[in-house]
Structures are given as C-alpha cells and as structure tokens.
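Trainee: Shown below is the structure under consideration.
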Amino acid sequence: MSRIARRFATLKAEGRGALIPYLQACDPDYDTSLSLLRGMPGAGADLIEIGVPFSDPSADGPTIQAAAVRGLKGGSTMARVLDMVATFRRDDDDTPIILMGYCNPIDSYGPARFCVDAARAGVDGLIIVDLPPEESDLIDAPARDAGLDIIRLVAPTTTDDRLPRVLDGASGFIYYVSITGVTGTRTASEAELAAALPRLRAVS
C-alpha cells in the first residue's frame, strides 16, 4: 500500500479530512524551504504538496507566481527539489509528498528518468497542472512503473461526459480545482462544493 493510500485509510478510520499544505521549493531559498517542509508534519500536515518552481506558472495567481520567481532565484532546479525530498525522508518516512507543477520541467529532465529519481527520493505522487489526459502518455507508464500516483485535476467546467476520461488511470486522490480561473482569486462556496462532490464520487 502506498503512503498516500495508507494515510487516507488512517484518516477515514479517524473520521476526518486531510490537511494538505503547499510549499514552493526554494522559496526564498533551499534551507528555509527545507526547514518549513520539515516542520509541517509536526504542525498537523497529513500530506504535503511541494511546488516545483517554473518560469511560466499559467494556472497560478500572483501569490504563487511570485513564490515561483523567488524559488527560481533561490536556486531551484528539479534536481534540488528531489534532493529536498530525499533530505526530508531521512527523518520522515510516513508523510506523503506530492510534487505539484508543470510539464515542461519534467519533460526537460526526461520523464522516465524523472519518475525513477522522484520515486528514489521519496516522492509519492504527481500533480501536473497543464498535462491533459490526451497527452498523459508522456508520464503515465514511467510513473506507474515507479510506483508514483498520478493525481488528476477536475475543474468545475469538466463535463459529465469528460469526467471518466479525465479520471481514467487516476490514483492517490482527485484534485478538484473548485473555481474557474487562477489560484488565489476567490474561494469556492460551501454550496458549490456540495453540488460538485457527489458528481465526482459518482464516477470515482
């Protein structure tokens, strides 16, 4: 059983939801972000998303765009992000780690090599925000072979007909974007979520 599956099984048994904080790697520098990462489990994090800084974070709003720029200026590379995860794993072998970012850095690194190195470092899952299912053959097989969960994104605009296609091959959990537009611009209402979640559960 993967770390992600094991953690969600524990959460289900405890009858509670997951706290999943987000950290941009190397923002403002490697040592500070590593220190923040190491502190998250003790502060209540059940799973952790690590943002991989990218020069063109088109799905993100100004706050995460600025964090990505700071991360790049702080020396972030894919190799340094994986090193951060490996260093974290020396003290924590339980908390699931998900890398969240864009396709270009993975494609540049080499998808097969990336998946092997990510799994070796201790990454558990991937959220690739600009990789539609029609193009996911770039990463699906290497990720599956390496034991990495592919966490699919579903948006409010995803139609009922498209949902099964989007969720085909999904594992770990489903990332519901919850709003249209970029991150940080507004928050979904309770009514919007109450309408959306049964639709997702029906096909997952």
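The values are calculated or read from the model by the stated rules, or taken from the named source; none is laboratory data. What you see is a predicted model, and the numbers here were worked out from it, not measured in a lab. Heads up, the Cβs are rebuilt from the backbone with ideal geometry, glycines too, and the neighbour counts pull from every protein chain shown. In case anyone asks, the SASA skips ligands and DNA or RNA and just uses the protein heavy atoms, side chains included. Shrake-Rupley method; radii C 1.70, N 1.55, O 1.52, S 1.80 Å.
Trainee: If you go through the stretch 79-95, how many residues are of a type outside the set (D, E, K, R) and touching a strand residue (DSSP E or B) at 6+ places or on another chain (Cβ under 9 Å)?
Mentor: Residues that pass the stated criteria total 6.
Trainee: Do we find a residue being in a strand (DSSP E or B) and either closer than 24 Å to SER171 by Cα or in contact with a Cys (Cβ under 9 Å, 6 or more places away or on another chain) (or both) anywhere in the stretch 26-40?
Mentor: No: the stretch 26-40 contains no residue that is in a strand (DSSP E or B) and either closer than 24 Å to SER171 by Cα or in contact with a Cys (Cβ under 9 Å, 6 or more places away or on another chain) (or both).
Trainee: To continue, here is another question. Does the stretch 61-92 hold any residues that are open to solvent by 20 Å² or more (accessible area, probe 1.4 Å) and in contact (Cβ under 8 Å) with a residue 60 or more places away in the chain, and which are they?
Mentor: PRO62, THR63, ILE64
Trainee: With (1) under 15 Å from the mean Cα position of the chain (by Cα); (2) within 19 Å of THR95 (Cα to Cα); (3) open to solvent by 10 Å² or more (accessible area, probe 1.4 Å) as the list, and ALA118 as the residue in question, which single condition is left unmet?
Mentor: (3)
Trainee: May I pose another question? Filter the stretch 124-139 for residues that are at pLDDT 95 or above and open to solvent by 10 Å² or more (accessible area, probe 1.4 Å); which is nearest to SER55 (Cα to Cα)?
Mentor: ILE128
Trainee: For the stretch 93-115, enumerate the residues that are open to solvent by 10 Å² or more (accessible area, probe 1.4 Å), more than 24 Å from ALA59 (Cα to Cα) and touching a residue at least 12 places away in the same chain (Cβ under 8 Å).
Mentor: Of everything in the stretch 93-115, those that are open to solvent by 10 Å² or more (accessible area, probe 1.4 Å), more than 24 Å from ALA59 (Cα to Cα) and touching a residue at least 12 places away in the same chain (Cβ under 8 Å) turn out to be ASP93, ASP94, ALA112.
Trainee: Within the stretch 57-83, can you find the residues that are touching a Cys at 6+ places or on another chain (Cβ under 8 Å), part of a helix (DSSP H, G or I) and under 20 Å from CYS115 (Cα atoms)?
Mentor: Passing the criteria: ARG80, VAL81.
Trainee: Only residues that are free of Cβ contacts under 8 Å to residues at least 24 places away in the same chain and open to solvent by 80 Å² or more (accessible area, probe 1.4 Å): list them for the stretch 7-41, please.
Mentor: If the condition is that a residue be free of Cβ contacts under 8 Å to residues at least 24 places away in the same chain and open to solvent by 80 Å² or more (accessible area, probe 1.4 Å), then LYS12, ALA13, GLU14, ARG16, ASP31, LEU36 are the ones that fit.
Trainee: Oh, and also: What number goes with the only condition from (1) open to solvent by 30 Å² or more (accessible area, probe 1.4 Å); (2) modelled with pLDDT of 95 or more; (3) not β-branched (Val, Ile, Thr) that PRO53 does not pass?
Mentor: (1)
Trainee: Let me ask another. Looking at PRO156, is it open to solvent by 20 Å² or more (accessible area, probe 1.4 Å) and either within 17 Å of THR77 (Cα to Cα) or among the hydrophobic types (A, V, I, L, M, F, W, C) (or both)?
Mentor: no
Trainee: For the stretch 155-204, enumerate the residues that are touching a Phe, Trp or Tyr at 6+ places or on another chain (Cβ under 9 Å) and at pLDDT 90 or above.
Mentor: Across the stretch 155-204, the qualifying residues are GLY172, PHE173.
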